[in-house]
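A short write-up of the structure that comes next.
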Amino acid sequence: MKRDVVTRSTMAAALGAACLLATPATAERLVTSVSTHRVLINSNFSGTELVLFGIVDDAPAGTLIGAYDVVVSVRGPARSYVTRHKERVLGLWVNTDSRDFDQVPSYLAVLSNKPIAEIGSPEMLRRYRIGLVNNVLPPQAGSDVSDVPPEDSFRGAFLRVKTNEGAYTADPKGITFLTPRFFRAAVPIPGTAQTGDYDVETLLIAKGAMLAQQQTAIEVVKTGFEAAVAQEARNHRFFYGLGTALLALITGLIATLLFRYD
Amino acid sequence: MPIYLPIAELPVNVFLILGLGLAIGFISGMFGIGGGFLLTPLLILIGIPPAVAVASVPSHMAASSFSGAISYWRKRLVDWGLGFVLLSGAMLGTASGVWFFALLRRFGQLDLFIALAYIVLLTIVGTMTAAESLRAIVRSWRGTPPILRRPGTHAWFHGLPFKLRFRQSRIYVSAVPVTVIGFAAGFIGAVMGVGGGFLLVPALIYLMRVPTTVAVGTSLFLTLMTMLVATVLHAIENRTVDAVLALVLMLGGVFGAQFGARAGQAIRAEQLRLLLGILIIAVGVRVAADLVSKPVELFSVVPKEIWE
């Protein structure tokens, strides 16, 4: 696994740069910096880790660890999904019911310093989209409006399947406070991550009240050979197909020549 | 060792894919089938998106069937005439199959239809192949002379016009049933996302009475042609052909096919047919088991028309 190593000097430099861009606020201010703004996908890419550092500026003197709660939400490019439910019909397990989840994050990581439920009231969590469940709206119930899914089972199933795939992560121990005002988060980016823009949101909360927010973005892009292949497949479809077919013939011929000892 | 697939957009273990290609290539060369009915579900099982698996498997089949076809052709076991007549039917069948596929998708339940089609076809073809070859094995074991040709018996289609003589296959039949067989193989292949070789070989052997080795060689030639066309069509229509995945599969496939072709020619014909029958039945049973046993996860999540 390839990991981005953040040395102390680059970290300090990044934090310094981020300080200049920090938003003016009433009391506490939040300054964050991510280890990289571009995740490059090359031929041996199998996932990476994004490191986020943050500091609470203008905090009152004598603040102890635990005074602040931090939630980092990383949302990948929006995609639409269908969640299907299987039931037994005439002894066979077949898809009977489905719900659409339109424009939900293809990747979602919610990191916090303690369980989400302890951070704020359910209303507050919903309002600020904190936690996996608050990032995915309940699905549309298809053509039949009265057909409301029992106990929101489709949303629960969707989150469960995406979590098992590694696309969604909820880590209530994902934020580590190194000092009362300085924290660190490690965001796992899986190999299956979709290319596109990822939105990184950091929330500073104390006793259930929102104090400050910070937004930044990272980009996941293909580079070199991978980017070239994807581009060819998109722009020169016929020649790409012909090229692949030709590759098949050449490979077949080479194998035959290599084995031609009889 | 991971390798990133640029179109599927995920990393895979290169040795796993290479091994899969090798194993399926071996089976492909041995039995003269494309192996798509085995490889496509396996790729989906390891996490390749179905759209990419269905579009990339044909190029693997083209490579391994080309390698296998050369091997059979050098031994004069490809009937070109028969191959071209079959091909004309197969092209028509593939086009109709692609159209029927779109029709099924509009009505939903495509998965169920494909699973049921797999079970019915694989069970029938597999049982017929296995039962016949078992009878032949028992016959030769008892020392009864095998009944190779039955000059007196004529099926109804022998009365049809446009009769052609296929020398390599030692048959003299109308072009009509041959075209129909090609059409059926192409149609079912396109609908089920496979090459159709597993239908073609038994049909040639049992209906057309083509010698097993010539049936295999001719089927390889047909698979090569249809899969080359399928690769280009998928690249144009769906844009989901993953050249990196295809190349790794091919590399395994062509070497596997070489060993497979050798193994196939070394084994007695009826034993080869019995093995093919068992393999086909096994896959049918596997699909059936999936359909009747309770899945661990009752819900599934699929991207909605991600490949617009």
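Around B:Leu274, under 14 Å between beta carbons, what's the net of Lys plus Arg minus Asp minus Glu among the other residues?
With Lys, Arg at +1 and Asp, Glu at -1, the neighbours total +2.
Remind me, what semi-axes does segment B:205-292 give for its equivalent ellipsoid, largest first in whole Å, using sqrt of 5 times each Cα gyration tensor eigenvalue?
Equivalent-ellipsoid dimensions as semi-axes: 27, 20, 15 Å.
With a 10 Å cut-off between alpha carbons and a GNM built on chain B, which of B:Ser28, B:Ser140, B:Ser65 moves the most?
Per the Cα network of chain B with a 10 Å cutoff, B:Ser140 tops the list.
Top mean-square fluctuation among B:Asp242, B:Asp290, B:Asp79, Gaussian network model of chain B, C-alpha springs under 10 Å?
B:Asp290
What distance in nm separates the two pseudo spin-label positions at A:Ala67 and B:Ser140, each 7 Å out from Cα along the beta-carbon direction?
Label-label distance for A:Ala67 and B:Ser140, simple model: 8.8 nm.
Within 10 Å of each Cβ of B:206-213, how many other protein chain Cβ atoms are there on average?
Mean partner-chain Cβ count within 10 Å for B:206-213: 0.
Would you please state which residues of segment A:27-48 a label at A:Ala228 would reach in this model, taking the label point 7 Å out along Cα→Cβ and a backbone N cut-off of under 17 Å?
Residues A:41-45 fall inside that zone.
Counting Lys +1, Arg +1, Asp -1, Glu -1, what net charge surrounds B:Lys294 among other residues with beta carbon under 13 Å of its beta carbon?
Every neighbour counted, the sum reads -1.
Percent of Cα-Cα pairs more than 35 Å apart in segment B:2-292, please.
15
Given 10 °C and 1.306 mPa s, compute D for the protein assembly as shown with the Stokes-Einstein relation, Rh being the Kirkwood radius over Cα pairs; round to the nearest whole µm²/s.
Calculated translational D: 59 µm²/s.
On alpha carbon coordinates alone, what is the Rg over Rh value for segment B:9-144, Rh being the Kirkwood radius?
Rg divided by Rh gives 1.02.
Give, in whole angstrom and from largest to smallest, the semi-axes √(5λ) of the equivalent ellipsoid of segment A:223-262, with λ running over the eigenvalues of the Cα gyration tensor.
29, 12, 4
Give the order of A:Val82, B:Val296, A:Val34 when sorted by the count of other beta carbons within 10 angstrom, beginning with the fewest.
B:Val296, A:Val82, A:Val34
Return B:Ser56, B:Ser174 ranked ascending by Cβ neighbour count within 10 Å, so the fewest neighbours appear first.
Neighbour counts put them in this order, fewest first: B:Ser174, B:Ser56.
Using the Kirkwood radius over Cα pairs, work out the Stokes-Einstein diffusion coefficient for segment A:8-222 at 4 °C and 1.567 mPa s, in µm²/s as a whole number.
69
Consider a paramagnetic label point 7 Å from the Cα of A:His37 along Cα→Cβ; state which residues of segment A:59-90 have an amide N under 19 Å from it.
A:73-77
Using Cα springs under 10 Å in a Gaussian network model of chain B, which residue among B:Gly97, B:Gly81, B:Gly21 shows the largest mean-square fluctuation?
B:Gly81
Calculate the length of the line joining the C-alpha centroid of segment B:1-35 to that of segment B:64-89, in whole Å.
24
What is the sum of charges around A:Val72, taking Lys and Arg as +1, Asp and Glu as -1, for the other residues whose C-beta is under 14 Å from the C-beta of A:Val72?
Taking every Cβ under 14 Å from that of A:Val72, the sum is 0.
Just grab the label-to-label distance for B:Phe113 and A:Glu123, each label 7 Å out from Cα along the Cβ direction, in nm (one decimal).
5.1
For peptide B:62-70, what's the mean number of Cβ atoms from other chains within 10 Å of each residue's Cβ?
That average works out to 6.
With a bin width of 10 angstrom, please list the P(r) values of segment A:46-97 as percents of all Cα-Cα pairs, from the 0 bin to the one holding the largest distance.
14, 23, 17, 18, 15, 9, 3
Any read-out appearing in this document is the output of simple, stated calculations on the displayed coordinates, not a laboratory observation. Computed from a predicted model, the values in this text were never measured in an experiment. Please note: Cβ atoms are built from the backbone with ideal geometry, for glycine as well, and neighbour counts cover all protein chains shown.
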